[in-house]
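Please treat every number below as a calculation from the coordinates, not as lab data. It should be emphasised that the depicted structure is a prediction, and the values quoted were computed from it without experimental measurement. Cβ sites come from the backbone with ideal geometry, for glycine too, and all protein chains shown count toward neighbours.
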Amino acid sequence: MSSKHPFRPPVARVDDRISPAGGNLQDGIAGNYDFSITAVLREAWIKTRGLKGPFWGGALIVLLALAITGIVLDLVLKTPPLQGGMLFQFIMQLVITAAIYPFLTGVIMQGVHRAADLPVTVGQTFGYLDVSIPIIVAAILSMLIATIGFMLFIIPGIYLSQAYLLVVPLIAEKKLAPWQAMEASRKAITRRWFKVFFLLLAMFLIIFVIMLPLFIGLIWTYPMSAVLIGILYREIFGIELVRRLNIQALYFPHFCLTIEVRALDIQSLIQPKGAY
């Protein structure tokens, strides 16, 4: 005879709907996180499947924006006093940063979404244009501060370049202000700076070795690096959309979640799974 209560309501299995949301902002800044380098590399490789198409579609959009910006700058700034000088190079760098980062943000967030098993599309390349201004401000500030660091005996520049690694997803996903995102990324990564360094070094070596035979391996390793950054972001700061979906799955076990990823926003719709 079954020991189950005959009038017990049916309980849906929600384990398969729960994705790892990762850490949170406060714990990340405090350094309350850890990860295995080999486990992150392994997961990044596995999750490269399904990302290559959207990633390279987004990368082509970024390259197109870069090419158009370069042509326009060459025409506008093609004057003897500017061309070839330090002022010209500085203006070029600022304008190129402002032109590509709104689209590059979408490519970076593809890696974050793949790390959380969320849908990934080429359209995400245009999905973060609403945060273009804070992204551009943060990118320019990070670049300037890191450049100053490189001028001061190189080591500060290396430290800051890595410390600002997660600024973009912090603005795009958690809507932090530029300086808040820069400080959050710097403080969190500083807690495990050398471990993050060796993780990135391992990824660089993988890219270098695999690209040797005719660069074909880059088809896999570049998307893998995007997922790797996404996993690192997930483990340190967590992903809010996943956390919200997990709460819905726990509190509405008789409903399934349909996630629709759009170009300008992400909406989650709860649709009835059926009558019980």
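Between the range 161-218 and the range 85-138, how far is it from one alpha carbon centroid to the other, in angstrom?
The distance from the Cα centre of the range 161-218 to that of the range 85-138 comes to 15 Å.
Show me 55-65, 217-227 ranked by packing, highest mean number of other Cβ atoms within 10 Å first.
Highest to lowest by the protection proxy: 217-227, 55-65.
Taking the simple approach of a point 7 Å from Cα along Cα-to-Cβ for both F198 and L218, what is their distance in nm?
Inter-label distance under the simple model: 2.9 nm.
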